Ligand SMILES: Cc1cc2nc3c(=O)[nH]c(=O)nc-3n(C[C@H](O)[C@H](O)[C@H](O)COP(=O)(O)O)c2cc1C
């Protein structure tokens, strides 16, 4: 039975546009994959320490040499890698912050990009055979041809880093224009409806 990993990277709970889309995606995916399981990974409910010396010792030295501190530091990373490797499809909902990814998502990526676990020393990705759908919510619009298109450093980076670990079947939904909600010129429901067809299609 297929498994979906739903990753959320917005701190805004019910106000979050990206979370509305991952919820919609998850609902659609469940309809399309009867018997499938959804695993939720909320990055705001996950302890995601930055890479530090105990973590490095845990990642780059044999397990039998690990101090208690290193064992603890690398345990979080191991659990996140195990979780990722076990699924078939991933939906990642994220805001755009400063034209790139939010720090919490970068912290997650630093835990899952692991030598010997998700890539080899010859740069072969080990997390193969998975589909990834990335949904980026942004205040501005970065679709092809838009004036600000070239400012979007998030799509290319996420595609590159997930490709590096072997996840190359990637589709991206650019859910731009959320500033209209903050300005009161559009409701969240209206904006979500605009992007719904793209999200429903990706969940097939
Ligand atoms: C710290 C911060 C930085 C942001 N930077 C950008 C940006 O560079 N470009 C943009 O279009 N929107 C930017 N925004 C707006 C968010 O991308 C937008 O509010 C989006 O809907 C957030 O996702 P969420 O609704 O899932 O929380 C920024 C918002 C915050 C709080």
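FYI, it's all coordinate maths here, none of it is from the lab. Small disclaimer: the values here were computed from a predicted structure and weren't measured. Quick reminder, even Gly has a Cβ in these numbers, built from the backbone with ideal geometry, and neighbours come from all protein chains shown.
Quick notes on this structure:
- For the range 133-204: rounded, prolate or oblate by the Cα gyration tensor [a/c cutoff 1.5]: oblate
- The DSSP beta bridges internal to the range 3-202 are antiparallel in roughly 5% of cases.
- On full extension, the segment bounded by residue 53 and residue 85 gains 9.0 nm, given 0.36 nm per residue less the C-alpha separation.
- Translational diffusion of the range 17-88, µm² s⁻¹ [Kirkwood Rh, Cα pairs; Stokes-Einstein; 37 °C; 0.692 mPa s]: 225
- GNM top mover of 97, 60, 157 - the chain, alpha-carbon springs below 10 Å: 60
- Degrees separating the helix 17-32 axis from the principal Cα axis of the chain, which is the longest one: 80
- Rough spin-label spacing in nm, given labels placed 7 Å along Cα→Cβ, for residue 204 and residue 27: 2.0
- Relative contact order computed over the chain (Cα-Cα under 8 Å; 6+ residues apart), in percent: 24
- Between residue 75 and residue 103, the FRET efficiency from the beta-carbon distance, with R0 = 25 Å, is close to 0.70.
- Sites residue 115 and residue 185 - FRET efficiency at Förster radius 35 Å, r taken between beta-carbons, to 0.05: 0.15
- Within a Gaussian network of the chain (alpha carbon springs, distance under 10 Å), most fluctuating of 68, 83, 47: 68
- When the chain is treated as a GNM with alpha-carbon contacts under 10 Å, the residue of 121, 179, 150 showing the greatest mean-square fluctuation is 121.
- 0 to 90° range, to nearest 10: angle between helix 188-202 axis and the chain longest Cα axis: 60
- Helix 154-164 and the longest principal axis of the Cα set of the chain meet at an angle near 40°.
- Gyration tensor verdict on the range 1-50 (Cα atoms; rounded if a/c is under 1.5, prolate if a/b is larger than b/c, oblate otherwise): oblate
- The range 35-154, relative contact order in percent, only Cα pairs under 8 angstrom and at least six apart counted: 27
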